[in-house]
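To start, the structure under review is shown below, and the notes come after it.
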Amino acid sequence: MAILQVDPNRYDVWHAFPTYFLEQSPVYVKGSVTTPTAFIEVMGHGIVAEAEVLLVEMIEQPDDPYWLGAEKEEMATYSLVDLIQLHFHHPLLKIGMYEADEPYESIHQKWMDGYHVPSSKWTKEDYEAHLFREKLVAPYAPVTTCSVCEINLFERYGNDASKLMEYHLQDDAGIWVCPTCHKAIHTLD
């Protein structure tokens with residue numbers, strides 16, 4: 001087993017994980033795995049992170065400001081993990097795109113494949129240069145609603161939504177899109 005699960009109704013993963021990832025602070029996640037690194041699934045959403053498992057222990061619910069609700073749980077097994085990579089919109093690891101008992105190697109391969117050049121039209125160098133140009137043209141998003149799928153990221157990510165928006169540059173004009181739609185646009189190009 002290589003997947004730890006987080007219930008977004010019990011833990012504010014959308015704000016906690018970016019904070020802990022940027023601070024490079026370890027975080028407790030309920031459950032345990034049999035591998036030295038694990039993938040973290042947000043229930044109902046998909047795999048969002050790869051993490052190194054630092055230790056596993058039987059404890060009461062850890063002290064963490066991102067727990068939702070007042071009641072604490074009884075003793076349970078928790079894994080202390082260090083987030084290695086974080087990707088809330090991974091194109092290959094959304095819910096339903098992997099099995100709960102899928103081998104670690106298979107999930108790891110999908111995780112890595114999500115970062116490759118999205119279509120045969122691009123060389124790796126051209127694609128990276130294009131993304132760099134897009135970031136230079138518009139480094140900060142003035143909007144939080146995707147121009148393609150029309151989902152307002154503010155509803156899920158709050159004030160971090162504008163940081164997640166990406167600028168898509170095409171023919172010297174551009175639009176603001178969510179990371180998932182941006183990847184899809186480049187895949188379909």
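So how much slack lies between MET75 and ASP101, counting 0.36 nm per residue of separation and subtracting their Cα-Cα distance, in nm? Don't skip to the answer; put the middle values down first.
On the way: separation 26, 0.36 × 26 = 9.36 nm, distance 2.50 nm.
Stretched fully, the MET75-ASP101 segment lengthens by 6.9 nm.
Within the accessible area of the range 150-189, what % is carbon and sulfur when the probe is 1.4 Å and the other protein chains stay in place? Don't skip to the answer; put the middle values down first.
Working: 1160 of 2290 Å².
Accessible surface attributable to carbon and sulfur in the range 150-189 totals 50 percent.
For the residue pair ASP64 and GLU128, what label-to-label distance in nm results when each label sits 7 Å from Cα along the Cα-to-beta-carbon direction?
3.4 nm
Place the peptides 53-65, 24-36 in order of packing, highest mean first, counting for every residue the other Cβ atoms within 10 Å and averaging per peptide.
Packing order, densest peptide first, comes out as 24-36, 53-65.
Please turn the phi angles of the range 23-32 into ³J(HN,Hα) values with the Karplus equation 6.51 cos²θ - 1.76 cosθ + 1.60 (θ = phi - 60°), one per residue in order, whole Hz, x for glycine and proline.
6, 6, 9, x, 9, 8, 10, 5, x, 8
Using the Cα centre of the chain as origin and beta-carbon charges of +1 (Lys, Arg) and -1 (Asp, Glu), tell me which of ASN9, ILE40, GLY174 is placed farthest towards the positive end of the dipole.
Most positive-ward Cα: GLY174.
Hey, with R₀ at 41 Å, roughly what FRET efficiency would VAL56 and LEU169 work out to, going by the Cβ-Cβ distance, to 0.05?
Numbers: r = 45 Å, r/R0 = 1.11.
Computed FRET efficiency for VAL56 and LEU169 comes out at 0.35.
HN-Hα J couplings of the range 40-55 from phi, Karplus 6.51/-1.76/1.60, θ = phi - 60°, integer Hz, Gly and Pro as x?
10, 9, 8, 4, x, 10, x, 6, 10, 8, 10, 9, 8, 7, 8, 6
Could you state the orientation-averaged shadow area of the convex hull built on the Cα atoms of the chain, in nm² to one decimal?
Working: hull surface 46.6 nm².
The orientation-averaged projected area of the Cα hull of the chain comes to 11.7 nm².
About the Cα centre of the range 1-146, what is the dipole size in debye to 20, counting +1 per Lys and Arg Cβ and -1 per Asp and Glu Cβ, all else neutral? Don't jump to the answer; show the numbers that get you there.
Numbers: 9 positive and 23 negative charges, 138 e Å.
Magnitude of the dipole: close to 660 debye.
The values are calculated or read from the model by the stated rules, or taken from the named source; none is laboratory data. Since we're looking at a predicted model, the values are computed, not measured. Note that we place each Cβ from the backbone using ideal geometry, even for glycine, and neighbour counts take in every protein chain shown. Keep in mind that these areas ignore ligands, DNA and RNA; they rest on the heavy atoms of the full protein, side chains included. Shrake-Rupley method; radii C 1.70, N 1.55, O 1.52, S 1.80 Å.
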